[in-house]
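The values are calculated or read from the model by the stated rules, or taken from the named source; none is laboratory data. These numbers come from a predicted model, not from an experiment. Note: ideal-geometry Cβ built from the backbone for every residue, glycine included; neighbour counts use all protein chains shown. Keep in mind that these areas ignore ligands, DNA and RNA; they rest on the heavy atoms of the full protein, side chains included. Shrake-Rupley method; radii C 1.70, N 1.55, O 1.52, S 1.80 Å.
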Amino acid sequence: MNVVCIGAGYVGSVTGTAFAAIGHQTTIIDIDQKKIERMNRGESPIYEPGMEQFLPALIGRNLFVTSSYDAVAEAQVVFIAVGTPSQEDGTADLRYIKLAAEHIGRALSKERFTVIVNKSTVPVGTSELVASLVEEASGLVADKDFTVVSNPEFLREGYALEDVFFPDRIVVGTVQPQGLQVMRELYHNLIERVGYDQLSELFPFSYHPQMPKATYFETDAKSAELIKYAANAFLAVKISYINEMARLCEVLGGNVRDIAEGMGLDTRIGKKFLQVSSGWSGSCFPKDTAELLATSQKYGSEMTVVKAAIESNERMHLHVVEKVVRKLQSLNGKRIGILGLTFKPDTDDARKTQASYIIQKLVELGASVRVHDPQGMAMFQSLNSHLKVTYCREPLETGTRSDAVILLTHWQEYQELDWEAMYPVMRRPYVLDTRNYLESARLTALGFCYEGLGLSTISPSVAGDGVMGG
Ligand code: UDX
């Protein structure tokens, strides 16, 4: 098939690459000339494992990247995969969606039926909005000359290629017969894994033909639009829930790691997304929960569970700061090292990360902060130029004469860190591990005062009166 993908951002570049890989003639359209040149050189516009293998294999063969909308006239399917950032009131900014719809409308062929697919995360009713904008720009009639389908993405950063080639589910929102037929054809090779044996050498993960197949789920456009928000908000609620449980454990005793495991053994609950953290963040959960809450409020049907999860998440960021204060008392003149600035490991994405909130508070309380991240420092620095912190080339440097080192993101590099070398450089060897990720017994044996979140089984040096060695 002939496929066009508007937007070479996170979703567009990965989705376009995947459709080219499964055999469709694919054109990615973007306005950013630098991004276009990068991709045409076979380089990924984003940090995502596997993209650097796929792009050189596809570019110029059946994957093309350009700023011209000409390919729209030949396309059977046109994806819209542009950004929908949050506005002040929490609702999604649809400016880029509207622009894309107008451009598509102007370029659309009158000779053929085109399926326009919303891949971006968009509020309920956006399919109708796109349809009317395309009608206006093209003079064509929706559901006669073209149709708009909702097909939300469920890509996790860092695992986007795995998620795109091996999704749990593909949600297709349309009741229009041609739309249904074209979408089934589009996804056929992906669901049946046609050509996967050859592709498997490019996968950044191991491929087993017995891996479960995706469920292809058809519904109406509004339900599809809502599924994306409902799923992300539910996952956010799940994390907030276990994080609150961690806080409760710190008061009552009990070990949140065991509680998560015990809960997760109930297949109705499942063990995923019960990993404690200083709070969920990133470019999706904060934006999607804010949009769902704002829309539900606007229409008089407030989702109080989502509201509570957002509040609880902010409380969790603060909880980390409070724990440090409890340990070090006044932060005036204290030095604090931060390991991890991205919202999770294996990404360079430092947008909307809990690190900026936590660091800001630490600085406000008088601490001087030294930070490290394997991939996210450049983005963090450009987004947080107001924060006066020291950027360290090596993770060990965060510990130099520090009174505390806080692990915020569970990069494997930090688990493999030479903690023995960290110990003597710190002023007080206090480690706060907000992901319960490090080898606590080893750190304690090395003499560190180790604290996790919601762990009652803490090292004796922590359980004492706060007097620390070093
Ligand atoms: C998410 C959804 O998972 C994906 O389906 C959707 O399409 C986009 O949004 P992503 O934002 O890449 O993906 O990250 P995800 O792995 O879901 O993590 C989100 C946040 O929750 C991160 O800050 C992560 O560290 C945190 N998290 C996740 C926890 O704190 N605990 C967990 O158990 C899981």
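Mind giving me the FRET efficiency for Glu37 and Arg61? R0 is 22 Å, r the Cβ-Cβ distance, nearest 0.05 is fine. Intermediate values should be presented prior to the final figure.
On the way: r = 18 Å, r/R0 = 0.82.
Taking R0 as 22 Å, the efficiency between Glu37 and Arg61 is 0.75.
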Seminar exercise, completed: Under the 7 Å Cα-to-Cβ spin-label approximation, Lys144 and Asp197 lie apart by a distance in nanometres of 4.9 nm
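I'd like to check one number: the per residue accessible area of the chain, probe 1.4 Å, reported in Å² as a whole number.
Working: 20600 Å² over 470 residues.
Each residue of the chain exposes 44 Å² on average to a 1.4 Å probe.
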Exercise. For the charge dipole of segment 248-305, defined by +1 on Lys and Arg C-beta atoms and -1 on Asp and Glu C-beta atoms about the Cα centroid, which residue among Leu252, Gly262, Ser301 has the Cα displaced farthest towards the positive pole?
Worked result: Ser301
Problem set entry | Computed [θ] at 222 nm, deg cm²/dmol, the chain (DSSP H ≥ 4; -39,500 (n - 2.57); rounded to nearest 500) | -13000 deg cm²/dmol
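Rounded to the nearest 20 debye, what is the charge dipole size of the chain about its Cα centre when +1 sits on each Lys and Arg Cβ and -1 on each Asp and Glu Cβ? If you can, show how the numbers build up before the last one.
Values: 46 positive and 57 negative charges, 186 e Å.
Here the chain has a charge dipole of around 900 debye.
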For this session: Filter the cross-link list Lys238/Lys352; Lys272/Lys361; Lys213/Lys287; Lys307/Lys352 down to pairs whose alpha-carbon distance in this structure exceeds 24 Å.
Result: Lys272/Lys361; Lys213/Lys287
Problem set entry | Virtual spin-label span in nm between Glu322 and Asp93, 7 Å along Cα→Cβ | 3.3 nm
For this session: Convert each backbone phi in segment 117-127 into a coupling constant with the Karplus relation 6.51 cos²θ - 1.76 cosθ + 1.60 (shift: θ = phi - 60°), then list the ³J(HN,Hα) values in order as whole Hz, x for Gly and Pro.
Result: 10, 7, 9, 4, 7, 10, x, 4, x, 5, 4
Exercise. In whole Å, what is the distance between the alpha-carbon centres of segment 331-380 and segment 201-245?
Worked result: 29 Å
Problem set entry | Dipole of the chain [Lys/Arg +1, Asp/Glu -1 at C-beta], most positive-end residue of Leu318, Gln415, Leu383 | Leu318
Seminar exercise, completed: Quick calc: nm separation of the 7 Å Cα→Cβ label points for Glu128 and Asp266 -> 3.8 nm
Exercise. Can you list the residues, at least 5 places off or on another chain, whose amide H is less than 5 Å from the amide H of Tyr216, using H built in the peptide plane?
Worked result: Ile170
For this session: Nearest 5 is fine: what % of DSSP beta bridges in segment 55-159 come out antiparallel, could you say?
Result: 10 percent
Exercise. What's the angle, to the nearest 10 degrees (0 to 90), between helix 10-21's Cα axis and the longest principal axis of the chain?
Worked result: 50 degrees
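Evaluate the relative contact order of segment 387-440 (contact order divided by residue number), counting alpha-carbon pairs under 8 angstrom at least 6 apart; express in whole percent.
Values: 60 pairs, mean separation 23.8, N = 54.
Dividing the mean separation by the residue count of segment 387-440 yields 44 percent.
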Problem set entry | Rounded to whole Hz, the Karplus (6.51, -1.76, 1.60) HN-Hα couplings of segment 288-295, x for glycine and proline | 6, 5, 5, 5, 4, 5, 4, 5
Exercise. If the chain between Gln415 and Arg393 were fully stretched, how many nm would it gain, using 0.36 nm times the residue separation less the Cα-Cα distance?
Worked result: 6.2 nm
Exercise. How large is the dipole of segment 299-360 about the Cα centre if only Lys and Arg carry +1 and Asp and Glu carry -1, each at its Cβ, rounded to the nearest 20 debye?
Worked result: 380 debye
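Mean separation of Cα pairs under 8 Å and 6+ residues apart, divided by the residue count of the chain: what relative contact order is that in percent?
Numbers: 919 pairs, mean separation 52.4, N = 470.
Worked out over the chain, it gives 11 percent.
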Seminar exercise, completed: Whole-Å distance linking the alpha carbon centroid of segment 118-191 with that of segment 1-25 is 13 Å
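Just in segment 354-432: which trypsin sites (Lys or Arg not before Pro) are loop by DSSP and have at most 10 other Cβ atoms within 10 Å? If you can, show how the numbers build up before the last one.
Details: sites: Lys361, Arg370, Lys388, Arg393, Arg401, Arg427; in loops: Lys388, Arg393, Arg401, Arg427.
Passing sites in segment 354-432 are Lys388, Arg393.
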